[in-house]
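One structure is given here, and the rest of the page talks about it.
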Amino acid sequence: MAATKKAELIVDKAYTIGEVDKRLYGSFVEHLGRAIYGGVYEPGHPTADEHGFRQDVIDLVKGLKVPIIRYPGGNFVSGYNWEDGIGPKENRPRRLELAWRTIETNEVGVNEFVTWANKVDAEVMMAVNLGTRGIDAARNLVEYCNHPQGTYWSDLRRAHGYAEPHRIKVWCLGNEMDGPWQIGHKTAHEYGRLAAETAKVMKWVDPSIELVACGSSNRGMRTFPEWEATVLEHTYEYVDYISLHTYYGNRENDLGNFLAKSLDMDEFIRTVVAVADYVKAKKRSKKTLHLSFDEWNVWYHSNEADRKLEPWQIAPPQLEDIYTFEDALLVGCMLITLLRHADRVKIACLAQLVNVIAPIMTKTGGPAWAQTIYYPFMHASTLGRGTSLLPVVKSPVYDARDFEAVPVLECAAVANDEEDTLTLFLVNRDQEADLLLQGDLRQYRGYRVERHTVLTHDDPKATNTMDHPNNVVPQEGGGATLDDEGRLEARLPKLSWNVIRLTRAS
Ligand code: AHR
C-alpha cells in the first residue's frame, strides 16, 4: 500500500471567481437514439403519465435539479423542420433523419418538449436550424413560441392548445457549424454572416431573448480558434454567448492521462475567453461576452457499436455509453473546471441527459437507473450554488502522456451566504495513495462539517447496470473534521470524488 500524500488548501471569502449561474448545471436532450423515444417519452410504459412521459425518468431528472435543457439538437437540428413536430400527431410526417441515419416520427415536438421540461422544472434552451434553413424558419419559431397572440404563428400555437407563450429565453444559432459532418456545414464567414442576420431578426421578434453563437466543435478542430475570432467579428453585437463543446475518452486505457483531460477543457475555456476579449477590444465594445459550454461529457464507449448499427430504424440504441467509475471522476474534474471559470462560463450542458451519453439510462418497457456520472453532477448541481471562490491549492503533481505537472488534487469551493455554507468539491486523481488534505479555512471558525460524501470504488471500470444499479454510489461519513481555529483535515481516498460541506454551527 502506497504512503499517504499530502495537500494543502486555503479558502478565503475575499478571493471570489464569480457567481455561479444556476444554468452551469444545464443538460441536453437531442432527437437521437432513445433519448426522446424510450427515454423521456414512452406512452406504453407502466410509469407513463397522461402525456406519455415516463415518471421514473422525470424523478431521476428532478434529482439532478437541471435548470435548463438544450433541445432538439445537436446534429439533428441542422436538418430539422420544426413545423413537422406541431399540430395533431396523426398528421405529422415521418422523415429520414440524415444526421444519425434514422427515421424521425415527430411524435414529440416543441410543445411536448416544453410540457416535459416544465414537469422537470427546467427551462428550454432552443436551437434553430442554420444548416438547411435560416432566418425565416428561425424567426417563425420565435414567434410561435414566444409571441403572446394575434399573429399567424402565435395563434397557431394557441390553436394547438398552448394559450400561454412558452417564453423561451435562450436560443442557439445552429449547432457545430464548423464541422464537416454537419448538415449545411459552413465556413466561419458564411456562418458568421448568417448567424448575425438571424440573430438580428430573432431579436426583432422578441428583444428579451439571449443568443448563443456556435464556437468550435472541440479544441482540436483545425479552424480553432480562428473560427471564434471570425464568427465573433460578425456577430459580437448581436449575441450573448459563444459555445464550446468537448468530449473525452480513455481509448488508450491510460487512467492518469484520462483524468488529466479536464486540463484540456481548462485551456479551451481560457483560449475562448481570450479570443472573445480580443474581439471586444477590436470593436471597442463595452459588452463582455459569456461562454456557453453547451456540450460536455465523456463519450467513446459506444463508438464501435454505433458503427455497426443498421440505418433507418426508429429510435435505435445509439451513443449508449455505459459509464465507469473512472468516467465519474473525470466528470467531477470537468465540473470543478467549470466552477473555476464561473465568471465567464454562465451556461453549461452535460451532454446528454437520458440514454444517449447520459447520466440516466432506461430499459424500454423496464426500469430507469442512475449511471456513475449521475452522482458528481447531482452533488455539484444541488450543492454548488452560490459564489465560486478561488482556492489556493498546494498539491503533489504527476506527469502524464499529454500533460505535465498534473495536480493530484482538483478543487472548487462554493460559498453560499444565504445558507451559510461552504461546499468543497474535490477529486484525488492519485491511483495509489490517499491524500491527506489540510485546509486553512480560518474564516469558517464556528462552522461544522455537515457532510463529507465520498464516491470511490476499487475498480475504475466499475459500472451501474440495470441489474446492479447501486454498484457505484456515494457514501456519507468520509470523516473530514474542522477544528475551532478553522483547520480542516480530510482523508481523500485514492481515486475519489469528495464533497465536504461546512455549515455554521448553531
Ligand atoms: O451529443 C452528441 C453530438 O455531439 C451532438 O449531436 C453534436 O452536436 C456533437 O457532435
Original post:
Want the number for residue 89 to residue 149: 0.36 nm per residue separation, take away the alpha-carbon distance, what's left?
Top reply: 19.3 nm
Original post:
Given H placed on each backbone N at 1.01 Å, which residues far from residue 295 in sequence or on other chains put an amide H within less than 5 Å of it?
Top reply: 244, 246, 349
Original post:
How much FRET efficiency would the formula 1/(1 + (r/R0)^6) give for residue 81 and residue 103, where r is the Cβ-Cβ distance and R0 is 22 Å, rounded to 0.05?
Top reply: 0.90
Original post:
For helix 262-282, what angle does its Cα long axis make with the longest principal axis of the chain, in degrees from 0 to 90 and rounded to 10?
Top reply: 60 degrees
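What's the extension gain from residue 484 to residue 402 if we count 0.36 nm per residue and subtract their Cα-Cα distance?
Working: separation 82, 0.36 × 82 = 29.52 nm, distance 4.25 nm.
Working it through step by step, the gained length comes to 25.3 nm.
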Original post:
Which angle from 0 to 90°, rounded to the nearest 10, does the C-alpha axis of helix 55-64 make with the longest principal axis of the chain?
Top reply: 50 degrees
Subject >> Distance between segment 273-289 and segment 168-240 - C-alpha centres, whole angstrom >> reply: 16 Å
**OP:** Quick one: which residues, 5+ away or cross-chain, put their amide H under 5 Å from the amide H of residue 496? H built at 1.01 Å from N.
**Re:** 428
Original post:
In degrees, nearest 10, range 0 to 90: what is the angle between the Cα axis of helix 374-383 and the longest Cα principal axis of the chain?
Top reply: 80 degrees
Original post:
If you stretched the chain out fully between residue 420 and residue 443, how much longer would it get, using 0.36 nm times the residue separation minus the C-alpha to C-alpha distance?
Top reply: 7.1 nm
Original post:
Is any residue of segment 488-506 close enough, with backbone N under 18 Å, to a label point placed 7 angstrom from the Cα of residue 382 along the Cα-Cβ axis, and if so, which?
Top reply: 497-503
**OP:** Heavy atoms only, probe 1.4 angstrom, no DNA, RNA or ligands counted: give me 193, 92 ranked by accessible area, highest first.
**Re:** 193, 92
Subject >> Nearest-20 debye value, the chain charge dipole, Cβ charges on Lys, Arg, Asp, Glu >> reply: 920 debye
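When only Cα pairs under 8 Å and 6 or more residues apart are kept, what is the percent relative contact order across the chain? The partial results should precede the final answer.
Working: 1200 pairs, mean separation 100.9, N = 506.
Relative contact order for the chain comes out at 20 percent.
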Original post:
Applying the Karplus parametrisation 6.51 cos²θ - 1.76 cosθ + 1.60 with θ = phi - 60° to the phi angles of segment 497-506, what ³J(HN,Hα) value in whole Hz is obtained for each residue in order, glycine and proline being reported as x?
Top reply: 9, 10, 10, 10, 10, 9, 9, 5, 6, 7
Original post:
Spin-label point model (7 Å from Cα, Cβ direction): what's the residue 12 to residue 48 distance in nm?
Top reply: 5.9 nm
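Once the cut-off is 28 Å, how many percent of the Cα-Cα pairs in the chain end up in the long-distance tail? The partial results should precede the final answer.
Values: 68120 of 127765 pairs.
Pairs farther apart than 28 Å: 53 percent.
So what's the back-of-envelope 222 nm ellipticity for the chain, counting only DSSP H runs of four-plus at -39500 (n - 2.57) apiece and dividing by all residues, rounded to 500?
Working: 11 runs with 124 residues, N = 506.
It comes out at -7500 deg cm²/dmol, rounded to the nearest 500.
Of all beta bridges DSSP finds with both residues in the chain, what is the antiparallel percent, to the nearest 5? Numbers along the way, then the final one.
Numbers: 54 of 93 bridges.
Rounded to the nearest five, the antiparallel share is 60 percent.
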Subject >> Per-pair calculated FRET efficiency, R0 = 45 Å: residue 475 and residue 251 via Cβ, rounded to 0.05 >> reply: 0.90
Original post:
Quick one: with all protein chains in place, what share of the accessible area of segment 21-383 is carbon or sulfur, to the nearest percent (1.4 Å probe)?
Top reply: 51 percent
Subject >> Cα centroid separation - segment 93-120 against segment 355-389, whole Å >> reply: 22 Å
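The values are calculated or read from the model by the stated rules, or taken from the named source; none is laboratory data. What you are looking at is a predicted structure, and each value in this text was computed from that prediction instead of being measured. As a convention, Cβ positions derive from the backbone with ideal geometry for all residues, glycine included, and neighbour counts pool all protein chains shown. Keep in mind that these areas ignore ligands, DNA and RNA; they rest on the heavy atoms of the full protein, side chains included. Shrake-Rupley method; radii C 1.70, N 1.55, O 1.52, S 1.80 Å.
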